[in-house]
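Working notes for the structure below.
The values are calculated or read from the model by the stated rules, or taken from the named source; none is laboratory data. Here the structure is a predicted model, which means the values were calculated and not measured. Here the Cβ positions follow ideal geometry from the backbone for every residue, glycine too, while neighbour counts run over all protein chains shown.
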Amino acid sequence: MLLKQAELFWGLSHECVEQVMAHIFKASHPAGDVLFEKGAPADHFYTLLKGRVKLTIGENGRMVFVVSHAGESFGWSSLVDRDTYSATAECVADTTVLTIERSRFNEILAAYPGDAVLFLKRLAGMLGRRLLQSYQMIQSFQQVEEAPTQGTGQISKPVATV
């Protein structure tokens with residue numbers, strides 16, 4: 001897969017993508033490998049080539065998102081002035097990723113300001129979609145908690161959504 005096919009890189013100039021390609025490395029990880037942990041220094045940005053990566057937060061490791069489509073990116077903390085990752089990324093299948101080091105990627109974006117604006121716009125869109133998914137997940141949990149079970153543990157009638 002060419003990096004240019006990854007959603008966040010669509011429309012970036014050929015020159016910018018070539019610079020990124022010159023500084024990425026491809027890594028394969030077996031299921032169970034942890035790519036980064038919540039609170040660890042956010043030093044790398046990742047793009048999935050194949051496999052599945054579970055992102056979890058909290059002490060009990062509650063899943064918040066699964067990266068499963070080639071071209072999906074994660075490790076966004078490294079791009080938005082966060083010093084540490086906000087989640088833990090664990091491979092749940094044999095996984096291959098492209099990885100670029102944070103400071104080098106920032107240098108490349110600084111050299112291509114037009115591409116940087118487009119990239120950050122796409123990043124904001126990606127984060128917005130993930131935020132909406134989180135809201136939907138929270139709403140579904142609230143609906144289940146509020147649903148009448150009549151003491152049986154099963155919801156007796158559908159819960160209306162607004």
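In region 14-26, the residues that are touching a residue at least 40 places away in the same chain (Cβ under 8 Å) form Cβ pairs under 6 Å with partners that are in a strand (DSSP E or B) and surrounded by 14 or more Cβ atoms within 10 Å (Cβ to Cβ), at six or more places apart or across chains, as follows: 23/100; 24/98; 24/100; 25/99; 26/98.
Of the residues making up region 28-51, those that are farther than 22 Å from residue 124 by Cα and either touching a Leu at 6+ places or on another chain (Cβ under 8 Å) or of a type in the set (D, E, K, R) (or both) are 29, 33, 37, 50.
Just checking, does region 94-103 include any residue being more than 27 Å from residue 18 (Cβ to Cβ) and modelled with pLDDT of 85 or more? Checked against the condition, which is being more than 27 Å from residue 18 (Cβ to Cβ) and modelled with pLDDT of 85 or more, region 94-103 yields at least one hit.
In region 50-61, is there at least one residue being more than 15 Å from the chain's Cα centre (by Cα), within 25 Å of residue 137 (Cβ to Cβ) and touching a residue at least 12 places away in the same chain (Cβ under 8 Å)? Checking region 50-61: at least one residue is more than 15 Å from the chain's Cα centre (by Cα), within 25 Å of residue 137 (Cβ to Cβ) and touching a residue at least 12 places away in the same chain (Cβ under 8 Å).
If you check 27, 6, 42 for being surrounded by 13 or more Cβ atoms within 10 Å (Cβ to Cβ), out of contact with any helix residue (DSSP H, G or I) (no Cβ under 8 Å at 6 or more places or on another chain), aliphatic (A, V, I, L, M) and within 28 Å of residue 135 (Cα to Cα), only one passes: 6.
Against the definition (among the aliphatic types (A, V, I, L, M) and out of contact with any strand residue (DSSP E or B) (no Cβ under 9 Å at 6 or more places or on another chain)), how does residue 64 come out, yes or no? No; evaluated as a whole, the condition is false for this residue.
For region 6-22, state whether one or more residues are within 15 Å of the chain's Cα centre (by Cα), modelled with pLDDT under 95 and not in a helix (DSSP H, G or I). Yes, region 6-22 contains at least one residue that is within 15 Å of the chain's Cα centre (by Cα), modelled with pLDDT under 95 and not in a helix (DSSP H, G or I).
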